[in-house]
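Q: My questions all concern the structure below.
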Amino acid sequence: MAVHRLPPRNRPLDASVYAEPFRPVFLTIRAAGGSVPFVDPLLNRRIVDALLRERLRSRCALYAYCLMPNHMHVLVAPLDGGASVLDMLRRFKGAATRIGWRFGLTGRLWQPRYYDSVLCRDSDVDRVVVCILDNPVRRGLAPCPDAYPWGGIVDPMPY
């Protein structure tokens, strides 16, 4: 897969790549401290709802997502020059943490670092979507992607 692979970090090398309209970014964020917090269906629903709200608030397209028991994958892109994937990620992680606290979780919900791939071609986008949606199947959490309630495609691809 031809992607621009960047190491996990707190700050990007060049933040402008995360604000380029319609440039898809594949992000993986992990739960803090090796925890497995996303096992309560009600908590998971609230976390997914927060992701959908932040997508709108941040003016980003959410092409695909999957909330796993200890991490989350998202494929997201800014919709205009004033939007940023990093702003969306920061807001989402904060909102999700506050939700977790209401469910009795303490401390950090997410690791401060994340993994990202800035995608270069449309064909990469299709492969990443399949990879995201198949994650629960590969882990034995669902027989097929459609059977897993914490993942899906939200916005249509721009091509």
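The values are calculated or read from the model by the stated rules, or taken from the named source; none is laboratory data. These figures come from a predicted structure and were not determined experimentally. We place every Cβ from the backbone using ideal geometry, glycine too, and count neighbours over all the protein chains shown.
Yes/no per residue for (1) in contact with a Pro (Cβ under 8 Å, 6 or more places away or on another chain); (2) at pLDDT below 95; (3) in a strand (DSSP E or B):
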position: 73; (1), (2), (3): no, no, yes
position: 80; (1), (2), (3): yes, yes, no
position: 94; (1), (2), (3): no, no, no
position: 105; (1), (2), (3): yes, no, no
position: 112; (1), (2), (3): no, yes, no
position: 123; (1), (2), (3): no, yes, no
position: 126; (1), (2), (3): no, yes, no
position: 137; (1), (2), (3): yes, no, no
position: 156; (1), (2), (3): no, yes, no
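Q: Further, regarding this structure: Any idea how many residues of the stretch 22-59 are part of a helix (DSSP H, G or I) and among the β-branched types (Val, Ile, Thr)? Step through it out loud before you land on a result.
A: To start, the set of residues in the stretch 22-59 that are part of a helix (DSSP H, G or I) comprises 32-34, 41-57.
Those left that are additionally among the β-branched types (Val, Ile, Thr): 47-48.
So the answer is 2.
Q: Six or more apart or on different chains, Cβ atoms under 9 Å: show the pairs whose first residue is in the stretch 143-157 and over 14 Å from residue 63 (Cβ atoms) and whose second is among the hydroxyl-bearing types (Ser, Thr, Tyr).
A: Once the first residue is over 14 Å from residue 63 (Cβ atoms) and sits in the stretch 143-157, its partners that are among the hydroxyl-bearing types (Ser, Thr, Tyr) give 150/65.
Q: Taking the condition polar (S, T, N, Q) and within 20 Å of residue 70 (Cβ to Cβ), does residue 123 pass?
A: On the way: polar (S, T, N, Q): yes; within 20 Å of residue 70 (Cβ to Cβ): no.
No; evaluated as a whole, the condition is false for this residue.
Q: When only residues in the stretch 92-115 that are among the charged types (D, E, K, R) and surrounded by fewer than 18 Cβ atoms within 10 Å (Cβ to Cβ) count, which is farthest from residue 22 (Cα to Cα)? Spell out the reasoning first.
A: Here is the first cut: in the stretch 92-115, the residues among the charged types (D, E, K, R) are 93, 98, 102, 108, 113.
Subset that is surrounded by fewer than 18 Cβ atoms within 10 Å (Cβ to Cβ): 98, 102, 108, 113.
Working: 98: 29, 102: 34, 108: 31, 113: 23 Å.
Across the stretch 92-115, the extreme among qualifying residues is 102.
Q: Listed residues 116, 134; which is of a type outside the set (A, V, I, L, M) and more than 21 Å from residue 34 (Cβ to Cβ)?
A: On the way: 116 fails: more than 21 Å from residue 34 (Cβ to Cβ).
Answer to the selection: 134.
Q: Within the stretch 56-85, which residues are within 25 Å of residue 136 (Cα to Cα) and either surrounded by fewer than 17 Cβ atoms within 10 Å (Cβ to Cβ) or out of contact with any strand residue (DSSP E or B) (no Cβ under 6 Å at 6 or more places or on another chain) (or both)?
A: Within the stretch 56-85, the first condition is being within 25 Å of residue 136 (Cα to Cα), and the residues that meet it are 60-77, 85.
Within the stretch 56-85, 67, 68, 69, 70 qualify.
Q: Say we look at the stretch 81-100 and pick out the residues that are in contact with a Leu (Cβ under 8 Å, 6 or more places away or on another chain) and not β-branched (Val, Ile, Thr); which of these is farthest from residue 53 (Cα to Cα)? Before the answer, list the steps.
A: Filtering the stretch 81-100 for residues in contact with a Leu (Cβ under 8 Å, 6 or more places away or on another chain) gives 85, 89, 92-93, 96-97, 99-100.
Okay, now just the ones that are also not β-branched (Val, Ile, Thr), so 89, 92-93, 96, 100.
Values: 89: 12, 92: 9, 93: 12, 96: 11, 100: 16 Å.
Checked the stretch 81-100; the qualifying residue farthest from residue 53 (Cα to Cα) is 100.
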